[in-house]
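Okay, structure first, notes after.
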Amino acid sequence: MSSTSFEIADEVQEFAERIIDQHHPHLQDAKDKVGYFFKYGSSDWAGKCKKCTAFEREITGKMFLIFVNKDAWSHMDLTQREALVDHELCHIKRASSPRIDSTTNEVIQDWAIADEPESWSTRDHDIEEFSDVVNRHGLWEKGIEKFAVAVRNAPYQMDFEELEKQRKLKVAN
């Protein structure tokens, strides 16, 4: 029987707050609405983000909880940790109303009230596909094509040698 436990993950929160400032304007005034925890015990995932139930909100005061698998975290480098935290933050969606600033003609997002559970929802991944299907049929759908453009424009590309090294490390652990 495996044992599972959790602890507050201050280190993950520090990563998150920096990433929020850079890439997640919808969370800048609501940083205290997300809780971060390390999960100890067997897992087949590195991170998870969940919207809190009414009970969880009552107990924690949070709208979302982000869980990071401690074992996976301990095997990640700084870049991978940042990507994981950014990924989990991308699951958090907040309602907004766009408006035009009359002095600058800029579009401004007025974010919904942070304390209202209805202001928040979860966001699914942009793409879900098998590499086998892409190998056989190419970029057959707009979402896949959009994703491929983002991959090509990414500043870092893992080569096959590094991918194989990562796979072997995962199997060894």
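None of the figures in this text is laboratory data; all of them are computed from the coordinates on show. Because the structure is predicted, anything quoted here is derived from the model rather than measured. All Cβ positions, glycine included, derive from the backbone under ideal geometry; neighbour counts span all protein chains shown.
Numbers below:
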read-out: Helix-only [θ]222 nm of the chain, DSSP H runs n ≥ 4, -39500 (n - 2.57) each, per residue, nearest 500; value: -12000 deg cm²/dmol
read-out: Sequence of 75, 91 once ranked by neighbouring C-beta atoms within 10 Å, starting from the fewest; value: 75, 91
read-out: Taking the chain and dividing mean pair separation by its residue count, relative contact order in percent (alpha carbons under 8 Å, at least six apart); value: 17
read-out: Note, ³J(HN,Hα) from phi for the range 86-101, Karplus 6.51, -1.76, 1.60, rounded to Hz, x at Gly and Pro; value: 4, 4, 5, 5, 5, 6, 8, 10, 10, 5, 8, 10, x, 9, 9, 6
read-out: For the range 1-93: rounded, prolate or oblate by the Cα gyration tensor [a/c cutoff 1.5]; value: oblate
read-out: Label point distance in nm, residue 103-residue 59, each placed 7 Å from Cα along Cα→Cβ; value: 4.7
read-out: Within the chain, percent of DSSP bridges classed antiparallel, to nearest 5; value: 75
read-out: Test item: Cα-centred dipole of the chain, Lys/Arg +1 and Asp/Glu -1 on Cβ, debye; value: 360
read-out: For the range 20-37, 3J(HN,Hα) per residue [Karplus equation, 6.51 cos²θ - 1.76 cosθ + 1.60, θ = phi - 60°, Hz, x = Gly/Pro]; value: 4, 4, 8, 9, 10, x, 5, 10, 4, 9, 9, 4, 6, 8, 10, x, 10, 9
read-out: Selection from 30, 42, 59, by position along the positive dipole direction of the chain (Cβ); value: 42
read-out: 16 Å Cα cut-off, lysine pairs counted over the chain (separation 8 or more, or different chains); value: 21
read-out: Inter-site label distance for residue 71 and residue 137 at 7 Å from Cα along Cβ, in nm; value: 3.5
read-out: Quarter of Cα convex hull surface for the chain, i.e. mean projection, nm²; value: 13.6
read-out: Rounded to whole Hz, the Karplus (6.51, -1.76, 1.60) HN-Hα couplings of the range 38-53, x for glycine and proline; value: 8, 10, 9, x, 5, 8, 9, 9, 8, x, 8, 10, 9, 6, 6, 6
